[in-house]
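Structure first, then comments.
The values are calculated or read from the model by the stated rules, or taken from the named source; none is laboratory data. As the structure is a computational prediction, the values presented were derived from the model and not from experiment. In this analysis, Cβ positions are derived from the backbone assuming ideal geometry, glycine residues included, and neighbour counts consider all displayed protein chains.
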Amino acid sequence: MTIKVTPNGLIIPGEFLEGIEEFEIWKEDGLIVLIPTNEPDPILEFGKHPVISGVPDASVNHDKYIYG
């Protein structure tokens, strides 16, 4: 697909944008990069489904148990 640059920029077909509310945009090595930003950040999901380990202070002393 080819699109023309207008005085206001580019018009991206809506079918490419379905379900996307916001983009991060930058230019890199001659390319225009668009990254959807309304995708959930996976780091924010960390800890939402904790497991029972049987160690009562694991959340406080996790470095001790991982690294010794």
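Identify all residues within segment 27-66 that are aliphatic (A, V, I, L, M) and either touching a Leu at 6+ places or on another chain (Cβ under 9 Å) or over 30 Å from I12 (Cβ atoms) (or both); write none if there are none.
Here is the first cut: in segment 27-66, the residues aliphatic (A, V, I, L, M) are 31-35, 43-44, 51-52, 55, 58, 60, 66.
If the condition is that a residue be aliphatic (A, V, I, L, M) and either touching a Leu at 6+ places or on another chain (Cβ under 9 Å) or over 30 Å from I12 (Cβ atoms) (or both), then I32, V51, I52, V55, A58, V60, I66 are the ones that fit.
Step by step: first the residues of segment 3-18, then only those that are of a type in the set (V, I, T) and assigned to a strand (DSSP E or B), then the one that is nearest to the chain's Cα centre (by Cα). Which residue is that?
To start, the set of residues in segment 3-18 that are of a type in the set (V, I, T) comprises 3, 5-6, 11-12.
Now restrict to residues that are assigned to a strand (DSSP E or B): 5-6.
Details: V5: 28, T6: 30 Å.
Within segment 3-18, the match that is nearest to the chain's Cα centre (by Cα) is V5.
I'm checking my understanding of the structure. Among residues of segment 19-60 that are in a loop (DSSP other than H, G, I, E, B), among the acidic types (D, E) and at pLDDT below 90, which one is farthest from the chain's Cα centre (by Cα)?
Within segment 19-60, the match that is farthest from the chain's Cα centre (by Cα) is D57.
Considering only residues that are hydrophobic (A, V, I, L, M, F, W, C) and surrounded by fewer than 10 Cβ atoms within 10 Å (Cβ to Cβ), look in segment 44-59 and name the one that is farthest from G19 (Cα to Cα).
Only one residue fits best here, namely I52.
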**Asked** touching a Ser or Thr at 6+ places or on another chain (Cβ under 9 Å), loosely packed, with under 10 Cβ neighbours inside 10 Å and within 23 Å of M1 (Cβ to Cβ) - does that describe any residue in segment 24-43?
**Response** yes
